[in-house]
Structure formats: C-alpha cells, structure tokens
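Peer 1: Encoded as structure tokens, here's the structure I'll be asking about.
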Amino acid sequence: MNFLSDVVAGELDIYVITFTLVVTMVVLLFLSFPMVVPLAVAALVGLVHFSQIDTGVIIQQIVTGISPNALIAVPMFILAADIMARGHTANNLLGLIEAYFGHRRGGLPITACLSCTLFGSVSGSTQATVVSVGQIMRPKLLAAGYKDSFVMALIINASDIAFLIPPSIGLILYGTLANTSVGELFIAGIGPGIVLAVLFSVYCYVYSLLQGDTIALVERKTGAERIAALKRALLPLGFPALIVGGIYSGAVTPTEAASFSVLYALVVECLIYRELKLNDVLNAALSTGLITAVVFILVGMGQAFSWYISFEQIPQGLLEPLDLEGASDAYILAIIALSFFVGCMFVDSLVVLVILTPIFVPIVESSGLDPVLVGVMVTLQMAIGSATPPFGCDIFTAIAIFNKPYMEVIKGTFPFFVILFVMSALLIFFPGIALMLRDLASL
C-alpha cells in the first residue's frame, strides 16, 4: 500500500516512476491504442505528475528526434524498396538463385532463403521481402511437398536478414541515434547477414533430408538458362554494390546513396524492364509517405520518452544492480542483446530502438566497446524480435499476405529462433564476423 501511495503522491523514486510509466503504457496497449499514444501519455504523466516540467519540452524533443539529416535516407530507401517490390527485381533475383540451386536437395527452400537475402540487400525492408519473395516462393514450396508451417516460418525469418544487409533502415536509425557511422554499420552488417543466410540454408538442407521422398526436386536448368538468369539479375545485383561501394569510396554519403537508390530503381523498373507505369510510381510514393509518417512519429515520440527517463536517471538506476561498470565486453553485449530482444518481442522494434539506444550508448562509450559491433548486435535483435511471438511485425505481415491464422504462422518458427540465438552468441564471442569487413574497408 505504501508503494501505491507513493505512486499517487508522485514520489520521486525511480521504481515508483518506472512502475507508473510501465502500467500506463501496458494498459493503453491492451486498450488497442497505437504505440505512439502510450509513449506520449507516459511521457506526459511523468512530466506533469512527477517532475512538474513544462509539457512543451515534448514538442521540442519530438522535433529534435526527427531533425538529424541522416534520417532523410529512410524515406528514400523505403521508396526504392517499394518500387522494386512492385516490379521485376524480386522475380529476377529469385530466378537466379533457383537456376543454380533449385534442383538440389533442399534447393527450393535454400532458393527462398538466399532470395530473401538478396532482395533484402536491395530493399532494406523485412516486410517488403516477406511480401515480394513470399508470394512467389510459397506456392512453389507447397507444390514440392513442404509443410506450410515450415514454409511460412522460413520466409518470415529469412526476410529478417534484410535488417542486417545494407541498406538497412534499422542500421540507419541506430547510426543516427548513437552518432555512429552509417557507412561502417552498413559494411559491418554484411558478414553476419551472410553467416545467418548460410545457417538457415544448412537447416533447409537438413530438413529436406529428413522429409525424404515426400519432397519433389525441381528440374535442373541448362547452362543457357543459367546464363540467361544471371543476365536478368545483373541490374538488381548492381544495386547493393553501387550503394556500399559509393559510400566507402567517398563518392556519396549514405543520404546521397539513398537518393541515388530511388533513381536507380526508377530507371531499372520503368525504363529498362518497363514494368511500372506512372500510376504505380505514384502509388509507391503514397505508400512511402504513409510508412515514413508512422516511422517518424514513432522516432520523435520515442525521443521525447527517452529524454524524460534520461532526465530522471531511470536507466542508470535500473541498470546499477547489473554491475556493468568494468564488466567484460561479452557480458555487456549479452545484456544489451537480451534487453533489445525482450523489448522487440512485445513492442515495435523501431520503438525499442529509439527508447533503449540512448540508455546504452553511455555504457558502450565508457566500456570501450566498438559502437559498430553494438549496432550490428542491436539490429540482429530487432530482426529476431520482428519474427518472434507474440508481436513480431513480420508475423502479422505473413498473416495478412498468406491469409493464415496466428498459431499456424508461428508453428514452425522455433528452429529458426534457435539459429538466431546461435548467431547472437557467435557475434558476442567472435566479433570479427561483423568487424572484419569493416576493418578491411578502412585500410
């Protein structure tokens, strides 16, 4: 009762404030309010009830949160992804992988996995990858005899490699929030993305072996068909090479690369493939505007909420029992990974990124950890959370696209979760997976 009395009285104690903020947000979430409302109300409750600070600071922090120039890259990459998702890019990338791997044991699921990786390197969007690759590959995998639970889990989890492979919207936002080089984050995400694709492919092969003769093999492509598939995929494959190469050569900044990606997508889909019409481009622009508005509102409100809890020094108080001062790099990385993973299981990953990143940045700086490594680890947890029950966003995208119930969509996700957990452990104990390419590029 004393504790509740302190809550009502507005007692300035970190546990009292934390309890009040958490309860406020949970109640509003269960009442089906969009995430921006719980963030705003919780910040207002804290400011008015506990701190008695002018609420105008919320507007200031919202503007501060969406002011960094690097955020201009976000709508550009979203628009480029939408244009390519509406055109031939996904088909051509998928055709290339299927031509070389489709006839082998486990070839079709491996094709789906690698196609998600390649399309992710073009789009930078997990949900665009679920839609584009999933709609093409799911019917083929079902026709070959694969269980639908395995197929949907594969597409959902393989699509999350897009969080790691540049251009990644998650890496852009982390770089902005943590004041870390987006270019270095881009190239550091390539290694873990490739390793994760390989691990998923190995699981697909083993799964196919266990299924035995119930799985039909695809007819082997001729040499001419393979060459033709390679030619069709050259333009989409050139996209990530030009983006990463342009940034690291110093020819363009990440923001300029994002603008170039839109031009590249328009030229490829509208002038070369001639797949899209003006109306398609306008629809892509409208969709981008809506998505960008949602992202920026979340980022701005998350900045306001983060400012308030930092003002009250709540993170420092809650993290003090964990004894992170002077702890090993592996221990700090594990705590960061666990915090982001648990958060992303229940709340949109972008919101978790905006709230938790300012909390851990001072700890990372004082410990001497490489911020690029931390950024890749954080982005990996965002990927895991996007495909993990109960509220992973890619799960709900799959429900909408495949028209399947929730429990059926998540039925086959556990093996992929184990693989993602192993990937997190590998990144903690073998950081060179992420940093080797970054260090080589810096020579």
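Peer 1: Considering only the stretch 346-357, state which residues are farther than 10 Å from TYR174 by Cα and either in a helix (DSSP H, G or I) or at pLDDT 85 or above (or both). Before the answer, list the steps.
Peer 2: At the first step, the residues of the stretch 346-357 found to be farther than 10 Å from TYR174 by Cα are 346-349, 351-352, 355-356.
Listed by number, the residues that qualify are PHE346, SER349, VAL351, VAL352, ILE355, LEU356.
Peer 1: List pairs: first residue in the stretch 343-357 and within 13 Å of PHE296 (Cβ to Cβ), second residue assigned to a helix (DSSP H, G or I) anywhere in the structure, Cβ distance under 6 angstrom, at least six positions apart or on different chains.
Peer 2: Correct list of pairs: LEU350/LEU298; VAL351/LEU298; VAL351/GLY302; VAL354/VAL299; VAL354/GLY302.
Peer 1: Tell me, which residue of the stretch 162-180 that is among the β-branched types (Val, Ile, Thr) and in a loop (DSSP other than H, G, I, E, B) is farthest from PRO236 (Cα to Cα)?
Peer 2: Going through the stretch 162-180, the residues among the β-branched types (Val, Ile, Thr) turn out to be 165, 169, 172, 176, 180.
Subsequent filtering for residues that are in a loop (DSSP other than H, G, I, E, B) retains 165, 180.
Values: ILE165: 14, THR180: 28 Å.
Ranking the qualifying residues of the stretch 162-180, first place goes to THR180.
Peer 1: Could you please find all residues in the stretch 42-60 being crowded, with 21+ Cβ neighbours inside 10 Å and either in contact with a Phe, Trp or Tyr (Cβ under 6 Å, 6 or more places away or on another chain) or on the phi > 0 side of the Ramachandran plot (or both)?
Peer 2: Those that are crowded, with 21+ Cβ neighbours inside 10 Å and either in contact with a Phe, Trp or Tyr (Cβ under 6 Å, 6 or more places away or on another chain) or on the phi > 0 side of the Ramachandran plot (or both): ALA43, GLY46.
Peer 1: Among (1) surrounded by fewer than 18 Cβ atoms within 10 Å (Cβ to Cβ); (2) among the polar types (S, T, N, Q); (3) touching a Pro at 6+ places or on another chain (Cβ under 9 Å), which single condition is THR379 missing?
Peer 2: (1)
Peer 1: Would you mind finding the one in GLY212, GLY250 that is in a helix (DSSP H, G or I) and either touching a Phe, Trp or Tyr at 6+ places or on another chain (Cβ under 9 Å) or more than 30 Å from GLN61 (Cα to Cα) (or both)? Break it down stepwise before answering.
Peer 2: On the way: GLY250 fails: in a helix (DSSP H, G or I).
Going through GLY212, GLY250 in turn, the sole match is GLY212.
Peer 1: Would the stretch 167-177 turn up any residue that is touching a residue at least 24 places away in the same chain (Cβ under 8 Å) and farther than 19 Å from ALA81 by Cβ? Let's see the steps before the verdict.
Peer 2: Restricting attention to the stretch 167-177, the residues satisfying the condition of being touching a residue at least 24 places away in the same chain (Cβ under 8 Å) are 167-177.
Next, only the ones that are farther than 19 Å from ALA81 by Cβ stay: 177.
So far as the stretch 167-177 goes, yes, one or more of its residues are touching a residue at least 24 places away in the same chain (Cβ under 8 Å) and farther than 19 Å from ALA81 by Cβ.
Peer 1: So which residues in the stretch 314-335 are surrounded by fewer than 14 Cβ atoms within 10 Å (Cβ to Cβ) and either among the β-branched types (Val, Ile, Thr) or not in a helix (DSSP H, G or I) (or both)?
Peer 2: ASP323, GLU325, GLY326, SER328
Peer 1: Kindly provide the set of residues from the stretch 196-235 that are of a type in the set (Asp, Glu) and in contact (Cβ under 8 Å) with a residue 40 or more places away in the chain, ordered by number. Full working, then the answer.
Peer 2: The first filter runs over the stretch 196-235 and keeps only residues of a type in the set (Asp, Glu), leaving 213, 219, 225.
Selection gives GLU219, GLU225.
Peer 1: While we're here: Quick check, is VAL63 part of a helix (DSSP H, G or I), under 30 Å from the mean Cα position of the chain (by Cα) and exposed (fewer than 13 other Cβ atoms within 10 Å of the Cβ)? Quick ask: steps written out before the conclusion?
Peer 2: Working: part of a helix (DSSP H, G or I): yes; under 30 Å from the mean Cα position of the chain (by Cα): yes; exposed (fewer than 13 other Cβ atoms within 10 Å of the Cβ): yes.
Yes: the conditions hold for VAL63.
Peer 1: Next question, about the same structure. Can you give me the number of residues within the stretch 254-265 that are without any contact (Cβ under 8 Å) to a residue 60 or more places away in the chain and either of a type outside the set (Phe, Trp, Tyr) or outside any helix (DSSP H, G or I) (or both)?
Peer 2: To start, the set of residues in the stretch 254-265 that are without any contact (Cβ under 8 Å) to a residue 60 or more places away in the chain comprises 256, 260, 263.
Going one step further and asking which of them are either of a type outside the set (Phe, Trp, Tyr) or outside any helix (DSSP H, G or I) (or both), we end up with 256, 263.
Final tally of qualifying residues: 2.
Peer 1: Can you find, within the stretch 114-161, the residue that is nearest to THR288 (Cα to Cα) among those that are basic (Lys, Arg) and outside any loop (DSSP other than H, G, I, E, B)?
Peer 2: Within the stretch 114-161, the first condition is being basic (Lys, Arg), and the residues that meet it are 138, 140, 147.
Still in the list and also outside any loop (DSSP other than H, G, I, E, B): 138, 140.
On the way: ARG138: 26, LYS140: 30 Å.
Within the stretch 114-161, the match that is nearest to THR288 (Cα to Cα) is ARG138.
Peer 1: Now a separate question. Looking at VAL268, VAL218, which is the one that is in contact with a Leu (Cβ under 9 Å, 6 or more places away or on another chain), part of a loop (DSSP other than H, G, I, E, B) and within 26 Å of MET137 (Cβ to Cβ)? Explain how you work it out, then say what you get.
Peer 2: Details: VAL268 fails: part of a loop (DSSP other than H, G, I, E, B).
Criteria check complete, one pass: VAL218.
Peer 1: Restrict the check to the stretch 243-259 and report whether at least one residue is surrounded by 11 or more Cβ atoms within 10 Å (Cβ to Cβ) and closer than 15 Å to THR89 by Cα. Give the steps one after another, and end with the answer.
Peer 2: Initially, the stretch 243-259 is screened for residues surrounded by 11 or more Cβ atoms within 10 Å (Cβ to Cβ), giving 243-248, 251-259.
Imposing the further condition that a residue be closer than 15 Å to THR89 by Cα reduces the set to none.
Scanning the stretch 243-259 turns up no residue that is surrounded by 11 or more Cβ atoms within 10 Å (Cβ to Cβ) and closer than 15 Å to THR89 by Cα.
Peer 1: Regarding the stretch 284-298, can at least one residue be identified that is more than 30 Å from ILE14 (Cβ to Cβ) and outside any helix (DSSP H, G or I)?
Peer 2: Within the stretch 284-298, not a single residue is more than 30 Å from ILE14 (Cβ to Cβ) and outside any helix (DSSP H, G or I).
The values are calculated or read from the model by the stated rules, or taken from the named source; none is laboratory data. Just so it is clear, the structure is predicted and the values come from calculations on it, not from any experiment. Here Cβ is always computed from backbone atoms with ideal geometry, including for glycine, and neighbour counts include all displayed protein chains.
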